[in-house]
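As structure tokens, the structure follows; a few thoughts come after it.
The values are calculated or read from the model by the stated rules, or taken from the named source; none is laboratory data. Quick caveat, the model's predicted, so the values are computed rather than measured. For neighbour counting, all protein chains shown are included, and Cβ atoms are generated from backbone atoms with ideal geometry for every residue, glycine included.
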């Protein structure tokens, strides 16, 4: 039986601007609700989106160790988008997405990341 997943992005401001914003991502009533710990090596690391009959993956939350920047890429030749190494990223995925790449620079020999699939 699938789990229902609900993701939110909350932003709070203090200082010159006071307030907060909250945005709800689309809920997923057939979430795979999977927690995965992966060790990434220097270079391109292909991440396969998990599949299971009757379940849908609509997003991944990547919890990084702070070891350095990690680049999110769609393919090996892609320049990608550099993600801050110490921040959490929650990324929505189209149902057609079967994999993506997390690239570690030479300066980072290995990093353990936690992937929460929803």
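Taken as a whole, the structure places residue 80 among residues that are surrounded by 15 or more Cβ atoms within 10 Å (Cβ to Cβ) and farther than 26 Å from residue 3 by Cα. Considered as a group, the residues in segment 59-76 that are under 11 Å from the mean Cα position of the chain (by Cα) and either without any contact (Cβ under 8 Å) to a residue 40 or more places away in the chain or part of a loop (DSSP other than H, G, I, E, B) (or both) include one that is surrounded by the fewest Cβ atoms within 10 Å (Cβ to Cβ), and that residue is 72. Among the residues making up segment 83-118, those that are in a loop (DSSP other than H, G, I, E, B) and either closer than 29 Å to residue 4 by Cβ or modelled with pLDDT of 95 or more (or both) are 87, 93, 94, 95, 96, 97, 98, 118. Restricting to segment 3-35, name every residue that is in contact (Cβ under 8 Å) with a residue 60 or more places away in the chain and outside any loop (DSSP other than H, G, I, E, B). If the condition is that a residue be in contact (Cβ under 8 Å) with a residue 60 or more places away in the chain and outside any loop (DSSP other than H, G, I, E, B), then 5, 9, 28, 31, 34, 35 are the ones that fit.
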